[in-house]
Structure formats: C-alpha cells, structure tokens
Amino acid sequence: MFKLISTGICCIVVTISLAGFSLFINNTAKQNSLVENQHKGKQINKQKQAHYNFQNRTVVVSNPESIPVLVNKQNKLPDGYVPKDLIFTQIPFVPTPADSEKREMRNEAAAAIKNLFDAAKAQGVNFLGVSAYRSEKTQISLFNTYVKRDGYLKARTYSALPGTSEHESGLAIDVTEGDGKCAAADCFSDSAEAKWLQEHAADYGFIIRYPKGKEAITGYQYEPWHLRYVGKKLAKEITSQGITLEEYYNAVKVNK
C-alpha cells in the first residue's frame, strides 16, 4: 500500500514538473518572439519616421516646367506630373525598346543631348543613353525594388522617392560609354567618357548633378553618369564655380 502511494506521488511530481517545464518553454518562446517583434517594430518605426520626416521637409515646386527647376529630396514635383513637351531623343541607347519612356526627354533637353553626343563622337568619344525620363509609376516601382534589395535607408542614398527624381522632370539622363559595360556603375568614373563630360558637358547645357564630395549637399552618392539639363549659361556658371544646383540656389543641405 505504501509503495502504491509512493509511486502515485512520484507520478504526480513528475507530471507537475513536466507541466512546469513545458510552461517555462512556452513562456520563453513567447518572450523571445516578443523581443524579436519589438526589434522588427523598431526597424519598421525607424523607416516610417524617416519617411515621415521626408514628408514634413518636402515642398511641392511651383514651377515644374522651368528648365532650371530644383528637384531634390526637399523639393518635389506635383503628384502625377508629366512634362508637356516630351519627345523621343535621337541618340543611341543601351538595348532598350524603341518606344520605351526612358528614351524620352523634354524637347529642349533632347536637342541638347543629341548635340552633346554628336560633338563627342566627332572627337572619338562615344556615348550611349541608359535612362532618361521616368514616369511617377516607374519611379515607384524602381524605388520599391531597391528598398526590397538594400533596405529603405540605404536605397535613399542612391534612389529617389517618387516625385523627387530628376528623371521625372524630363530634364535628366544617365549615360554610359559606347560599349555599355559601366552603365550606372562606379567603373564609369575612370573612363575617358567621364573625363570628357567633366570638361565639356556644360558647353551643351548639362551639369553633372551629383558631383564627388558633395554628397552631404545633394543627398546622393557620386554619379558621374547622371546629367541634368539646366541651359548653357547656368551650366557654365555652376561648373566654373564647382558648385551644385542646391548651392546655386542657396538651398539648405539635404539630409539623407
């Protein structure tokens, strides 16, 4: 009888112990899950806060059709903006459908980039277009792709939120050398084509929009391939002074 009672007590103790251990494991798992979710929440909130700060700092430009309009992280184009005078450029591109929007620029800028390409070719320097105009829809898709790949904060150092990309203005174009091997890549900076642009882009109304050493001002990494049309007079003034469009307008520094 004593043995039966003793055995019963042991079974109860073991059962209670196992239940307690199981409860401990469940609680630990819940705590770990809570900590993980809190960490994820902080990351999400950090990104939301960055986006919130962006929205509060940004103003809509009142003169989107102006050739020297300032478009950056603080000055955005109106929602749904589409330039009225877009035309297809008459320059060679990297493999791109003939009817692709990225071949388009505003009329004046399209004529200027053709003159630049023709002049360079006459001097033995060959260029290809990579990407010119982008619609708001395209910019949304592109930016979201970069966010998925590199995260929101990293993407903001080299890609623009919809409405703040110069490509949407129809006045900007990314170019590359004739073989297209360094299209929108760091290796372009060491090419003969990049050096030619440094010396001659302003003669055709273009500036290298995101110069080296000006990242804290423009908010973007160095992009020797990104040309922005502003007109010959302004381009020569900006280039000769070694300044950016932000500095020309005495605009505040762009926070990344």
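The values are calculated or read from the model by the stated rules, or taken from the named source; none is laboratory data. No experiment lies behind these values; they were computed from the predicted model shown. Methodologically, a virtual Cβ is constructed for each residue, glycine included, from the backbone with ideal geometry; neighbour enumeration extends over all protein chains shown. Side chains included, ligands, DNA and RNA excluded: accessible areas come from the protein's heavy atoms. Shrake-Rupley method; radii C 1.70, N 1.55, O 1.52, S 1.80 Å.
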Self-check item: Residue-level accessible surface for GLU168, protein heavy atoms, 1.4 Å, Å²
Solution: 10 Å²
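Please give the FRET efficiency for ALA98 paired with LYS181, using the beta carbon to beta carbon distance and R0 = 22 Å, rounded to the nearest 0.05.
The computed FRET efficiency comes out at 0.45.
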Practice problem: Measure off, as a whole percent, the carbon and sulfur share of the 1.4 Å-probe accessible area of the range 107-256, all protein chains present. | Solution: 49 percent
Quiz item: How far is it, in nm, from the label point at TYR158 to the one at TYR248 when both lie 7 Å from their Cα along the line to the Cβ?
Solution: 2.6 nm
Exercise. Skip the ligands, DNA and RNA, and give the accessible area per residue of the range 56-125 with a 1.4 Å probe, whole Å².
Key: 51 Å²
Quiz item: Per-residue accessible area for ASP186 at 1.4 Å probe radius, Å² rounded to 10?
Solution: 110 Å²
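State in Å² the accessible area per residue of the range 158-253; use a 1.4 Å probe, count heavy atoms of protein chains only, and round to the nearest integer.
Accessible area per residue, the range 158-253: 40 Å².
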Quiz item: For the pair LYS148 and VAL60, what calculated FRET efficiency results from E = 1/(1 + (r/R0)^6), where r is the Cβ-Cβ distance and R0 = 41 Å, to the nearest 0.05?
Solution: 0.90
Quiz item: Pairs LYS73/LYS154; LYS181/LYS236; LYS102/LYS154; LYS73/LYS114: which are spaced more than 22 Å apart, C-alpha to C-alpha?
Solution: LYS181/LYS236; LYS102/LYS154; LYS73/LYS114
Practice problem: Would you mind calculating the gained length between LYS212 and SER240 on full extension (0.36 nm times residue separation, minus the Cα-Cα distance), in nm to one decimal? | Solution: 8.6 nm
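Can you give the net charge of the other residues whose Cβ lies under 13 Å from the Cβ of VAL61, counting K and R as +1 and D and E as -1?
Working: positive: LYS73, LYS76; negative: GLU65, ASP79, GLU166, GLU168.
Once all neighbours under 13 Å are counted, the net charge is -2.
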